[in-house]
Amino acid sequence: MAEYYAKSLELSGIPALTLTNLKHAERIAFDIGGSLTKLAFFSKISHKRALYTINPNTKSNCETEEEGWRLHFINFETKYIESCLDFVKQNVMGRSTDVNGKIIKATGGGAHKYKQLINEKLGVEISKEDEIQCLIKGCNFLLKNIPDEAFIYEKHSNPPYKFQSPSNQPLFPYLLVNIGSGVSMMKVISDTEVERIGGTSLGGGSFWGLGSLLTKAKGFDELLELAEKGDHRLVDMLVKDIYGGSYDLIGLPGDIIASSFGKAARSASDTSTHLHERIKKGKLS
Amino acid sequence: MSADSGPSKPLCNGTSTIEMCNGYCSKPHMPWFGMDIGGTLAKLVYFEPTDVTPDEEELEVETLRTIRRYLTSNVAYGSDGVRDVHLEMKNVKLAGRVGTLHFIRFPTASMKSFIELAKEKKLATLADTICATGGGAYKFEEDFNKEVELALHKLDELQMLIQGINFIDDTYPSECFYWAHPDDEEQCKKVPFDFSDPYPYLVVNIGSGVSIIAVKSQGDYARVSGTSLGGGTFLGLCCLLTGCNTFEEAIEMAAQGDSKKVDKLVKDIYGGDYDKFNLPGHVVASSFGHMMCEDHRKTVCKEDLARSTLVTITNNIGSIARMTALNHGINKVVFVGNFLRVNPIAMKLLAYAMEYWSKGQLKALFLEHEGHFGAVGCLIELIKEKR
């Protein structure tokens, strides 16, 4: 389910419909991260809606056309930011009336780093918004308004994904773990109050970086595909590899990883093609 | 011995064979060993008696003498056994004897060779059990039983670790130390730390994996956290990334590398410091974060990759240790384990990170005998046993 939502589109093969939507974008915002830049825009679109009651006398249509707002998301690697800005300029900036003022809101580390570049390319000022404030504003907005936004994953359930609807339960406080290139862990207290209480440098960027070094995969998506096929138990040292079974005294079952990549030193000379897949799985865990 | 039991039997002083022993042992049979069989390394501690009287020497059984000579006259055993001579402890008093403690290690992967050796040296004629800890004490128990005809007295690794630390710290001068000025190459040095009033303290045992134990008082300890990203991870990843084969090679490479070419720093993302959360530009935001980019991959060498692996693993352990210490209200954190052997880079990094992120509230402490405490704990346990 989640894979369907998150399927990405190749920018070159962008369907005409999406392009039209971009051309009619009312508002655009950027989040320029360490590895990826996220673009969000909304545009007015027409869509058909099915009618469930039909008046046989008037012979009206069984569908109606409506206008609504749609929120779109585009991702691309930050290293291609220049090309992307050119693309945005061609498709959006040309229309002087539609862009909401001459200020575009942006966040992320790149909002600081690329401020100048964006100004040059698009002729607009960047209003730098705080990354964390934007993050919780966005999270809170989606959690409160979009059904099936939040979900729980239960490995042994069927289906494993359980989607949650916005409820009347109090949202705050909650712990927000933002896994980007690196990881920030934040305590969200209210719509505006947040405290960064921890983090780690072992994030998505580490997986992508190590994966690029250890396998021949080209790109993040291919790494994930490899990982799905791999068996980490051939690369990681499990408790049972050390104890011959579980470590009962402290309640560690035999299948738990005792030392990630703990077996890799011995199989470093193993040149089998499956090694790549095994390693990928090892790193994801 | 009661006076009523007829003609008195001489006490066995532990230097005879099991067969010749009359069952009245005042001490456990020599040789006195402790073993800790971990995921990657097996550690052996051997007590060599140096107070052997001429009478005792005469009575000493050939087998025992052979073992004693084999262990003490070599510093390398087979192709990968090593005796850490610099860690030797002389004039150690144990159960009424005086002797030298020898610290030996070999890869757990060579356990089969060790078992063969024990069989060849007829260890079973001298001792009926060996006190052993670590996962291997369970994993190889059957092999010891079958091949060497020895029973392994299995002991818990955490209990033995704490017991070993207590004994060595009481016995070896300047066992405990910290690093002063860890981030300054010129001024950095080891300073002895008085660990005689230790409680409460945290032990971070960095072996193949990591266990974190909170020790509140004598006998009151528990494993409170850990991570699978340990020494085994460092070695495994280094071997895969650089083609090296041993821990020493990996450390050597890391010493010459520059991790900043491999890791993405805060300033690489922000163009400077991230002030809102007090993250200075030089802090690592994403380990290996430059490596998805082919251009960057071309500019780094093996040494840089090894360095980054070392830094990543070490900082992650430091971070978890710090958070655990905070959660338990403990401000002394002792790092042990063979990951820190010949690894001053990691030690100094841990020392610096603990101090920096805790603003001086936490102290990173280290022990000279690194990863040998589990084996020592077993030796102590052996001596405690009454026959």
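The values are calculated or read from the model by the stated rules, or taken from the named source; none is laboratory data. All figures in this text were calculated on a predicted structure; none of them were measured in a lab. Methodologically, a virtual Cβ is constructed for each residue, glycine included, from the backbone with ideal geometry; neighbour enumeration extends over all protein chains shown. SASA here: full protein model, heavy atoms, side chains in, ligands and nucleic acids out. Shrake-Rupley method; radii C 1.70, N 1.55, O 1.52, S 1.80 Å.
Quick notes on this one:
- Scanning region B:179-189 for residues being in contact (Cβ under 8 Å) with a residue 24 or more places away in the chain and open to solvent by 70 Å² or more (accessible area, probe 1.4 Å) gives a total of 1.
- Taking the listed residues A:ILE189, A:ILE152, A:ILE146, A:ILE242, the one that is more than 30 Å from B:ASP304 (Cα to Cα), facing chain B (nearest Cβ under 8 Å) and of a type in the set (A, V, I, L, M, F, W, C) is A:ILE242, with no other qualifying.
- Evaluation of A:GLN169 against (1) within 19 Å of the chain's Cα centre (by Cα); (2) open to solvent by 80 Å² or more (accessible area, probe 1.4 Å) (one fails), failing number: (1)
Yes/no matrix, rows are residues, columns are (1) open to solvent by less than 60 Å² (accessible area, probe 1.4 Å); (2) acidic (Asp, Glu); (3) within 14 Å of chain A (Cβ to nearest Cβ); (4) touching a Leu at 6+ places or on another chain (Cβ under 9 Å):
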position	(1), (2), (3), (4)
B:LEU310	yes, no, yes, yes
B:VAL333	yes, no, no, yes
B:MET347	yes, no, no, yes
B:LEU350	yes, no, no, yes
B:ALA353	yes, no, yes, no
B:SER358	yes, no, yes, yes
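- Within region B:192-210, being more than 16 Å from the chain's Cα centre (by Cα) and part of a strand (DSSP E or B) holds for B:PRO192, B:TYR201.
- Pair list, Cβ under 6 Å, 6 or more apart: region B:123-144 residue more than 18 Å from B:SER110 (Cβ to Cβ), other residue open to solvent by 50 Å² or more (accessible area, probe 1.4 Å) and part of a strand (DSSP E or B): B:THR129/B:HIS153; B:CYS131/B:HIS153
- Test: residue in region B:290-304 that is more than 21 Å from the chain's Cα centre (by Cα), part of a loop (DSSP other than H, G, I, E, B) and within 25 Å of A:ILE132 (Cβ to Cβ): yes
Conditions tested, residue by residue: (1) of a type outside the set (Val, Ile, Thr); (2) part of a loop (DSSP other than H, G, I, E, B); (3) over 30 Å from A:LEU252 (Cα atoms).
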{"position": "B:ILE212", "(1), (2), (3)": "no, no, no"}
{"position": "B:ARG223", "(1), (2), (3)": "yes, no, no"}
{"position": "B:GLY226", "(1), (2), (3)": "yes, no, no"}
{"position": "B:CYS238", "(1), (2), (3)": "yes, no, no"}
{"position": "B:GLU248", "(1), (2), (3)": "yes, no, yes"}
{"position": "B:LYS267", "(1), (2), (3)": "yes, no, yes"}
{"position": "B:GLY272", "(1), (2), (3)": "yes, yes, yes"}
{"position": "B:GLY281", "(1), (2), (3)": "yes, yes, yes"}
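- When restricted to residues that are at the interface with another protein chain (Cβ under 7 Å from one of its Cβ atoms) and farther than 29 Å from A:LEU224 by Cβ, region B:277-292 contains 1.
- Test for A:SER206: is it at pLDDT 90 or above, polar (S, T, N, Q), under 23 Å from the mean Cα position of the chain (by Cα) and crowded, with 22+ Cβ neighbours inside 10 Å: yes
- In the set (1) touching a residue at least 24 places away in the same chain (Cβ under 8 Å); (2) closer than 17 Å to A:GLY34 by Cβ, A:PHE163 fails one condition alone, (2).
- Residue match in region B:191-201 (condition: closer than 30 Å to B:VAL300 by Cβ and touching a helix residue (DSSP H, G or I) at 6+ places or on another chain (Cβ under 7 Å)): no
- Test: B:VAL215 is open to solvent by 20 Å² or more (accessible area, probe 1.4 Å), touching a residue at least 40 places away in the same chain (Cβ under 8 Å) and more than 8 Å from every other protein chain (Cβ to nearest Cβ): no
- Leading residue by the ranking (farthest from the other protein chains (Cβ to nearest Cβ)) among those in region B:41-50 that are open to solvent by 10 Å² or more (accessible area, probe 1.4 Å) and either modelled with pLDDT of 95 or more or assigned to a strand (DSSP E or B) (or both): B:PRO49
- In this structure, B:HIS153 does not satisfy being at positive phi, more than 14 Å from chain A (Cβ to nearest Cβ) and not hydrophobic (A, V, I, L, M, F, W, C).
- A single member of B:THR242, B:THR233 is within 11 Å of another protein chain (Cβ to nearest Cβ), polar (S, T, N, Q), surrounded by fewer than 22 Cβ atoms within 10 Å (Cβ to Cβ) and over 19 Å from B:GLY374 (Cβ atoms), and it is B:THR242.
- Subset of region B:156-178 (residues that are open to solvent by 30 Å² or more (accessible area, probe 1.4 Å), out of contact with any Pro (no Cβ under 6 Å at 6 or more places or on another chain) and outside any helix (DSSP H, G or I)): B:TYR172, B:PRO173, B:TYR178
- Search result, residues across region B:138-155 that are in contact with a strand residue (DSSP E or B) (Cβ under 8 Å, 6 or more places away or on another chain) and part of a helix (DSSP H, G or I): B:TYR138, B:LYS139, B:GLU141, B:PHE144, B:ASN145
- Scanning region B:350-359 for residues that are modelled with pLDDT of 95 or more and either touching a Gly at 6+ places or on another chain (Cβ under 7 Å) or over 25 Å from B:ASN278 (Cβ atoms) (or both) returns a single hit, B:LEU350.
- When B:ILE104 is tested against (1) under 23 Å from B:CYS176 (Cα atoms); (2) open to solvent by 50 Å² or more (accessible area, probe 1.4 Å); (3) not hydroxyl-bearing (Ser, Thr, Tyr), exactly one condition is not met: (2).
- Selection count where residues are of a type in the set (A, V, I, L, M) and surrounded by fewer than 21 Cβ atoms within 10 Å (Cβ to Cβ), scope region B:280-295: 1
Each row is one residue, and each column tells you yes or no for (1) modelled with pLDDT of 90 or more; (2) within 12 Å of chain B (Cβ to nearest Cβ); (3) surrounded by 22 or more Cβ atoms within 10 Å (Cβ to Cβ); (4) touching a Phe, Trp or Tyr at 6+ places or on another chain (Cβ under 7 Å).
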site: A:ASP236; (1), (2), (3), (4): yes, yes, yes, yes
site: A:GLY251; (1), (2), (3), (4): no, yes, no, no
site: A:ALA264; (1), (2), (3), (4): yes, yes, yes, no
site: A:LYS281; (1), (2), (3), (4): no, no, no, no
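- Across region B:305-319, a minimum of one residue is classified as of a type in the set (D, E, K, R) and either more than 22 Å from B:LEU229 (Cα to Cα) or assigned to a helix (DSSP H, G or I) (or both).
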